[in-house]
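Okay, so here's the structure we're looking at.
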Amino acid sequence: MTTNTACTLLQPKEYKSKVKPVWCPGCGDFGVLGSITKALSGLQIQPENAAIISGIGCSSRMPTYLKTYGFHGVHGRALALATGLKVARPELTVIATGGDGDGFSIGGNHFLHTCRRNPDMTYIVMDNQVYGMTKGQASPTTDPNWEKGKLTPGGTGINPFQPLVIALASGANFIARTSSSDSNGTARIIMEAIRHPGFSLVQILSPCVTFRPEQRDWKNILIPAPMEATSDPAQAARRLLTDEGLYTGILFRGDRPAYQPRPEPSIENITELDEEFRL
Ligand SMILES: Cc1ncc(C[n+]2csc(CCOP(=O)(O)OP(=O)(O)O)c2C)c(N)n1
Ligand code: SF4
């Protein structure tokens, strides 16, 4: 992480690009954008020293709205792209952003193996338990009884994916849940996640007011976790398996060393490579 050493402090609004978000009025993702800019400002990270990487979805539009470097990739591949960038440019602050569909459905495999690999980056998932961009299909985190899904009128009938439990079992080093309605609290958690070495997952419950209007009520039912973050995976697992997705805060903080291979020197003699592949 490279921070600002100049005298003038960068304000949150200075991290926003000139592009106006096209999200629906009231979408939780506006709050997340605000929290990311507050976190970057809080840590005084120069925009050119940070990169925001995403896949596809309403939430994956995030890099467009920030003045940092950014890459709006293909669906489900944010973590693969972000890992490659972090390996090649370890000095950058790398943040991957996206939705529950992008991250846990098409990107599920990358999610597991990024937790396992533990690169030093932050993954912000705006979880609205629906595919917003494609107009309201059930996602991996959708409640099995939600009957308004475009493709699942009787509900999915299958257990939701539990991202935090799965992240813990797969080796993520920092696990937190927060809400888009708590702008300052979310910014503080993102700052902690960026500072923490290794793979940090921040699940932000971020309502899709268009396809899940009932989620506006989330802000009234979420409760701060009753205990400090634990570094004991067994205790964290018990907590996560019994909290019904309502606890917010930093729920687990591990100390596994981050993955940072030294990039191999590039091949100097291309004819040797030619020889290797000659049929
Ligand atoms: C390979 C591929 N498959 C499917 C799609 C269609 N698609 C675009 S976004 C999306 C789901 C987005 O849901 P989520 O990640 O939860 O983000 P949200 O829009 O809710 O923020 C899908 C299925 C695509 N763009 N590419
Ligand atoms: S469809 Fe849902 S997730 Fe997408 S911008 Fe609108 S409210 Fe947000």
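The values are calculated or read from the model by the stated rules, or taken from the named source; none is laboratory data. All values reported here derive from a predicted model rather than from experimental measurement. Note: ideal-geometry Cβ built from the backbone for every residue, glycine included; neighbour counts use all protein chains shown.
Note on segment 91-137: among residues that are of a type in the set (A, V, I, L, M) and closer than 13 Å to PRO163 by Cα, the one that is nearest to ligand 1 (Cβ to nearest atom) is MET126.
Taken together, the criteria place LYS86 among residues that are modelled with pLDDT of 95 or more, buried (at least 21 other Cβ atoms within 10 Å of the Cβ) and away from ligand 1 (no atom under 16 Å from the Cβ).
So which residues in segment 104-126 are under 19 Å from ILE194 (Cα atoms) and either within 16 Å of ligand 2 (Cβ to nearest atom) or not in a helix (DSSP H, G or I) (or both), if there are any at all? Within segment 104-126, ASN118, PRO119, ASP120, MET121, THR122, TYR123, ILE124, VAL125, MET126 qualify. The set of residues from segment 79-100 being in contact with a Gly (Cβ under 6 Å, 6 or more places away or on another chain) and over 20 Å from THR37 (Cα atoms) comprises just one member, LEU81.
Within segment 61-80, being surrounded by fewer than 20 Cβ atoms within 10 Å (Cβ to Cβ) and in a helix (DSSP H, G or I) holds for THR64, ALA80. Residue count for segment 37-78, restricted to those that are within 13 Å of ligand 1 (Cβ to nearest atom) and either in contact (Cβ under 8 Å) with a residue 40 or more places away in the chain or within 23 Å of ILE189 (Cβ to Cβ) (or both): 10. Taking each residue of segment 259-279 that is exposed (fewer than 10 other Cβ atoms within 10 Å of the Cβ) and looking for partners that are of a type in the set (A, V, I, L, M) and at pLDDT 80 or above with beta-carbon atoms closer than 7 Å, six or more apart or interchain, yields PRO261/VAL87.
Among the residues of segment 15-36, which ones are more than 13 Å from ligand 1 (Cβ to nearest atom), within 16 Å of SER181 (Cα to Cα) and either in a helix (DSSP H, G or I) or of a type in the set (Gly, Ala, Ser) (or both)? Correct list: GLY26, GLY31, GLY34, SER35, ILE36.
Scanning segment 79-101 for residues that are more than 16 Å from HIS113 (Cα to Cα) and either β-branched (Val, Ile, Thr) or within 11 Å of the chain's Cα centre (by Cα) (or both) turns up THR93, VAL94, ILE95, THR97, GLY98, GLY99, ASP100. The residues of segment 4-23 include none that are within 21 Å of the chain's Cα centre (by Cα) and modelled with pLDDT under 95. Looking at SER170, is it more than 19 Å from SER59 (Cβ to Cβ), of a type in the set (Ser, Thr, Tyr) and touching a helix residue (DSSP H, G or I) at 6+ places or on another chain (Cβ under 6 Å)? When the stated conditions are applied, SER170 passes them. Only residues that are surrounded by fewer than 24 Cβ atoms within 10 Å (Cβ to Cβ), in contact with a Leu (Cβ under 6 Å, 6 or more places away or on another chain) and under 18 Å from HIS72 (Cβ atoms): list them for segment 93-137, please. Within segment 93-137, just HIS110 meets the criteria.
Of all the criteria given as (1) assigned to a strand (DSSP E or B); (2) within 16 Å of ligand 1 (Cβ to nearest atom); (3) of a type outside the set (D, E, K, R), the one not satisfied by SER200 is (2). Mind checking which residues of segment 138-185 are crowded, with 23+ Cβ neighbours inside 10 Å, away from ligand 1 (no atom under 16 Å from the Cβ) and in a helix (DSSP H, G or I)? LEU164, ALA167, LEU168, listed by residue number.
For LEU205, are the conditions met, namely being under 27 Å from LEU40 (Cα atoms) and within 14 Å of ligand 1 (Cβ to nearest atom)? Yes, satisfied.
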